[in-house]
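Remarks on the structure that follows.
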Ligand SMILES: [Zn+2]
Ligand SMILES: [Zn+2]
């Protein structure tokens with residue numbers, strides 16, 4: 001018997017069980033639609049968001065950063081896994097199609113759990129950004145651990161906790177109890193970028 005590394009269910013072949021493989025397949029199939037929606041969001045905001053001070057403009061900037069973060073993460077994750085299985089491409093849609101075609105083999109990938117976690121995580125993230133279930137998405141500053149931007153996500157549902165994450169690395173994510181320390185590190189990163197720009 002083989003234990004699925006994602007959900008822990010027992011099965012005859014694997015590694016990933018059939019349910020987790022189906023979930024991955026469904027998420028990969030959703031990628032072209034999600035990317036189109038993210039592009040629409042970005043284009044619409046670019047047209048309607050006037051640069052300037054004020055809460056509304058700031059909020060739009062946040063949504064813009066959220067959508068572009070989601071797009072970057074989706075593209076980075078999918079092209080990296082596609083490259084790892086021999087498909088070199090810059091495009092998330094091509095990468096998603098290649099990975100889908102490879103799913104029967106990918107089920108047995110030695111890092112199948114990481115593959116599942118990263119891909120479903122990036123797709124969920126894109127869905128949340130598009131879904132409009134946010135009260136606000138706020139552009140916080142540069143990630144202290146990589147080159148991406150950090151956005152804070154405040155869900156519309158009071159029972160859902162807020163979180164901050166960067167667009168480059170899925171592991172760079174902070175729950176609210178970590179915000180104080182993360183905030184200080186983000187401020188330090190912003191200051192470092194400012195000084196570097198000033199001396200350039
Ligand atoms: Zn499973
Ligand atoms: Zn980061």
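Take residues that are away from ligand 1 (no atom under 16 Å from the Cβ) and buried (at least 17 other Cβ atoms within 10 Å of the Cβ) and tell me which of the helices (runs of 4 or more DSSP H) falling wholly in the range 83-178 contain 1 or more.
Where helices (runs of 4 or more DSSP H) fall fully within the range 83-178 and carry at least 1 residues being away from ligand 1 (no atom under 16 Å from the Cβ) and buried (at least 17 other Cβ atoms within 10 Å of the Cβ), they are 92-101, 112-131.
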Tally of residues being touching a residue at least 40 places away in the same chain (Cβ under 8 Å) and either under 15 Å from residue 125 (Cα atoms) or within 18 Å of the chain's Cα centre (by Cα) (or both) across the range 153-200: 6
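One line per residue, one yes/no per condition, for (1) under 29 Å from residue 196 (Cβ atoms); (2) away from ligand 2 (no atom under 16 Å from the Cβ); (3) touching a helix residue (DSSP H, G or I) at 6+ places or on another chain (Cβ under 8 Å); (4) not assigned by TED's automatic domain parsing to the domain that holds residue 81:
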position	(1), (2), (3), (4)
99	no, yes, yes, no
104	no, yes, no, no
112	no, yes, yes, no
127	no, yes, yes, no
137	yes, yes, yes, yes
144	yes, no, yes, yes
147	yes, no, no, yes
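The values are calculated or read from the model by the stated rules, or taken from the named source; none is laboratory data. Computed from a prediction, not measured in an experiment: that's the story for all the values here. Reconstructed Cβ throughout: ideal geometry from the backbone, glycine too, with neighbour counts over all protein chains shown.
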